[in-house]
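All remarks here apply to the structure that follows.
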Amino acid sequence: MDITEVPVTQKGKGKKKKNKSDKTKTTEQPAKMETDVEVKEEKTEETVSFPPAFSVSDIKNKQRRHLMFLKLKQDKRKQKMELKKKRKRQEKMLGSKAPPKQVPKTIENQRVYDETTVDPEDEEVAFDEATDEFSAYFNGLTNPKVLITTSDRPRGRTVKFCRQLATVIPNAHVYYRRGLALKRIIPQCVARDFTYLIVINEDRKVPNGLVLCHLPEGPTAHFKVSSVRLRKEMKRRGKEPTEHTPEVILNNFTTRLGHSIGRMFAALFPQNPQFVGRQVATFHNQRDFIFFRFHRYIFKNEKKAGIQELGPRFTLKLRSLQKGTFDSKFGEYEWVLKRHEVDACRRKFQL
Amino acid sequence: MGESSRPCTVWLGSETGILKGVSVSRKQAFNFCNSSQLSRQHEVRTLCWADAAESELLVAAVDGTVKTFSVEKGAFTDTRSCGDPAEGCFVGMAVLDNGAAQVTCAESGLLRVWRDESREPATEIRVGSDVARMRQNPEHRHNVATGGKDNCLKVWDLEKPDKPVFTAKNLRNDWLDLRRPHWVKDMAFIPGSDKVVTCTGHHQVHVYDPSTPQRRPVLEATYGEYPLTTLSLPAAGDSVVVGNTHGQIAVLDLRKGLVRGCFKGLAGGVRGLQCHASQPLVASCGLDRFLRIHSLENRRVQHKVYLKSRLNCLLLASRPLEEAECAVGEDGQEVKEEDDDVDEVWDAMEQVDEREQNLKRKTPEEEAENSNRKAQENFKSKTSEDGENPEKKTPEEEPPKNKTKKRKKAQA
């Protein structure tokens, strides 16, 4: 089959090429005719036969170049505005018949399909999730109890961040690290029935890392923390949060890895939220960045609801997910961010 | 079930207790289990072939049972209890005398040989605590090697179970005269020699040579900074493929211990690694739930299959992985041979094609160039030679005519 297919395409190409060559010939012939008449002019034409495309950067005078560039920009802007106006006018004219609005292309809606995306009807994945390390929490057997600590000698913002995080997560206890090794803290935590260990790392007084370790069997996730905003730095924030257990919103954790991370966050909070408190903790995943927000809501009337941010807010990015409790040296990693291998495609997301 | 299991060339054991078969040529994956009986108790720890013909698989589960899986029938045919779950899960399994006896080794260090259908083990060896892996010598099937954490490499002859044939010695103390920790994670016998290659939890690769009096490794190499978990020997020899807990796989040269190349694309720790017996392929599986097949030659990913659960172990069939593709390749070769021997007509046709291609490639550009050049020459040589121009043009126009004729022939 292949043998028959290949020459067909070649013939097609060949014909095209022939046509082209014919055209070139036809164009050449009159040129040659002219050459017969006037020789000197022809030579000049030869050198300028392909005028280069005009570009602003070719202008050598700096001032003039600048001027021309400004003009170019203005023209472009004008054109754009005109197009926009025209489209709007058309929309008004046509009313409901107007062509649908174009959706801008973003790397999210152009996302490459991930084969690990969890299908809710998949038996095997369902079984895997039902029997994983969080099954005790999701079956209602354990209640979360969280220990929050920091890297050694925390300064300023990190301490405040820890305290505010403890007000968000119910049943959380902040302890001073006292230079203890995590591997020695973990057995003590397990003995005292803690289900989570959160370690906030800081660099130059800025919190920059978060280790989330589920106890007693793991897994351990390591996040990069960025853009931390404490309660005090927040504009239009509400009053201090109450003691009620908040509701949890987990957005957009679709892949298998995303599911495990989502379950991990869900297990931080008690399962039955107190709706009286009207408080919501949100973990929103977008382009593999997890945005944390803490809100209080109010139903103004049947249609409208108002929200009020309580803070703190921060952004997480997953660095690694390790099986078992914290053991960065000998632990087995389930997923590691390998920037130069994984990030080759900007439209591929892991969570 | 048998229909789906026969074409499978890669077998994987998962943490959820499912035996998975992957047919690479058909690009399909199958689960072999009762979906109603799923439980972590059946978590597959090791896999091995029950006979040389590769018609039956032995599947060792965490709960101390060894199940026989028939590839032909596509179902489990036999179950046998080979130890307590309390003794730790299986770390290795092997078959002796073409299926007559099975060797199992548990984490606690109980190495047992099971003969026929008897409930009691024929021989039982204590190989030390914390065993990480037991492997069989593919050439001398009575030789097995064991090793683990603080449990150095030992080679056992199962016919003389009293004493190990070879016991390795720990590395020399370091420059502070402190004991070097020892943690054998996996080992393999180098075919064609007595040598054994091991990888350790301290990212070292050691080669031991039992034939010499030296009991310390004859070669030490390191790779990366994370514990190595598994290794495998390619068919080509002289090298070893190792994988670590961060999902890095590398080929190490066994002559000097240098890294020959790394395999990309893994996201999670490697649990199972095996090189194909004849093809230059290496299959890996692990915590990222993917089966990946890399080529050893260009180190590219050839196949990538998502298998939904964490994978513990991997077993390749010794026949070519992609039977269909191989068949195509063979066909192609045959066709070529036929071409050489018999079909002169076809030869002639191909030659014509080639010429045509050449012509097609050359003609438009060359003509343009030629005409340009000639035109330039003409201008330079001025009007006096103008009379010759038409004459020169005519030979240029001729080749296309020839072309068209040839094309017509080809079409005919």
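The one condition from (1) under 30 Å from B:PHE30 (Cα atoms); (2) assigned to a helix (DSSP H, G or I); (3) open to solvent by 70 Å² or more (accessible area, probe 1.4 Å) that A:LYS88 does not meet is (1).
Scanning region A:324-343 for residues that are part of a loop (DSSP other than H, G, I, E, B) and under 17 Å from the mean Cα position of the chain (by Cα) yields a count of 3. When B:VAL207 is tested against (1) out of contact with any strand residue (DSSP E or B) (no Cβ under 8 Å at 6 or more places or on another chain); (2) within 20 Å of B:CYS275 (Cβ to Cβ), only condition (1) is not met. Residues that are in a helix (DSSP H, G or I), within 14 Å of chain A (Cβ to nearest Cβ) and modelled with pLDDT under 85: does region B:24-36 have at least one? For region B:24-36, residues in a helix (DSSP H, G or I), within 14 Å of chain A (Cβ to nearest Cβ) and modelled with pLDDT under 85: present.
Is it fair to say A:ARG256 is open to solvent by less than 30 Å² (accessible area, probe 1.4 Å) and at pLDDT below 95? Answer is yes for this residue.
Matching residues to (1) surrounded by 20 or more Cβ atoms within 10 Å (Cβ to Cβ); (2) in contact with a Cys (Cβ under 7 Å, 6 or more places away or on another chain); (3) over 20 Å from B:GLN274 (Cα atoms); (4) within 14 Å of chain A (Cβ to nearest Cβ):
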{"site": "B:VAL165", "(1), (2), (3), (4)": "no, no, yes, no"}
{"site": "B:LEU171", "(1), (2), (3), (4)": "no, no, yes, no"}
{"site": "B:MET187", "(1), (2), (3), (4)": "yes, no, no, no"}
{"site": "B:PRO213", "(1), (2), (3), (4)": "no, no, yes, no"}
{"site": "B:ALA236", "(1), (2), (3), (4)": "no, no, no, no"}
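Looking only at residues in region B:60-81 that are touching a Phe, Trp or Tyr at 6+ places or on another chain (Cβ under 6 Å) and open to solvent by less than 20 Å² (accessible area, probe 1.4 Å), the one that is farthest from B:GLU124 (Cα to Cα) is B:PHE69.
Residues that are hydroxyl-bearing (Ser, Thr, Tyr), within 25 Å of B:GLY286 (Cβ to Cβ), free of Cβ contacts under 8 Å to residues at least 40 places away in the same chain and assigned to a strand (DSSP E or B) within region B:38-83 comprise just one, B:THR65. Number of residues in region B:238-249 that are within 14 Å of chain A (Cβ to nearest Cβ) and on the phi > 0 side of the Ramachandran plot equals 1. Selection of region B:106-133 for residues being closer than 19 Å to B:VAL197 by Cα and open to solvent by less than 10 Å² (accessible area, probe 1.4 Å) yields B:VAL127, B:VAL131.
Taking the stated definitions as given, is B:GLN136 under 27 Å from B:PRO280 (Cβ atoms) and open to solvent by 30 Å² or more (accessible area, probe 1.4 Å)? Against the criterion (under 27 Å from B:PRO280 (Cβ atoms) and open to solvent by 30 Å² or more (accessible area, probe 1.4 Å)), B:GLN136 qualifies.
Counting only residues that are open to solvent by 10 Å² or more (accessible area, probe 1.4 Å), of a type in the set (A, V, I, L, M, F, W, C), within 9 Å of chain A (Cβ to nearest Cβ) and outside any strand (DSSP E or B), region B:250-294 holds 1 of them.
Test B:SER108 against the stated conditions and say whether it is touching a residue at least 12 places away in the same chain (Cβ under 8 Å), outside any strand (DSSP E or B) and small (Gly, Ala, Ser). Against the criterion (touching a residue at least 12 places away in the same chain (Cβ under 8 Å), outside any strand (DSSP E or B) and small (Gly, Ala, Ser)), B:SER108 qualifies.
Annotation: B:LEU57 fulfils all but one of (1) over 30 Å from A:ALA130 (Cβ atoms); (2) buried (at least 21 other Cβ atoms within 10 Å of the Cβ); the unmet one is (1). Residue count for region A:291-331 under the criterion of being among the polar types (S, T, N, Q) and either crowded, with 21+ Cβ neighbours inside 10 Å or within 14 Å of another protein chain (Cβ to nearest Cβ) (or both): the result is 4. Closer than 30 Å to A:GLY209 by Cβ, touching a residue at least 24 places away in the same chain (Cβ under 8 Å) and within 14 Å of chain B (Cβ to nearest Cβ) - does that describe any residue in region A:93-114? The answer is yes; a qualifying residue exists. Taken as a whole, the condition of being open to solvent by 10 Å² or more (accessible area, probe 1.4 Å), acidic (Asp, Glu) and at pLDDT 90 or above does not apply to A:ASP343. Remark: pairs (first residue in region A:250-271, without any contact (Cβ under 8 Å) to a residue 60 or more places away in the chain; second residue among the charged types (D, E, K, R) and open to solvent by 20 Å² or more (accessible area, probe 1.4 Å); Cβ separation under 9 Å; 6+ apart in sequence or on different chains) = A:LEU250/A:ARG263.
The values are calculated or read from the model by the stated rules, or taken from the named source; none is laboratory data. No experiment lies behind these values; they were computed from the predicted model shown. Note that each Cβ is placed from the backbone with ideal geometry, even for glycine, and that neighbours are counted across all protein chains shown. Accessible surface is based on the protein model in full, side chains and every heavy atom, while ligands, DNA and RNA are left aside. Shrake-Rupley method; radii C 1.70, N 1.55, O 1.52, S 1.80 Å.
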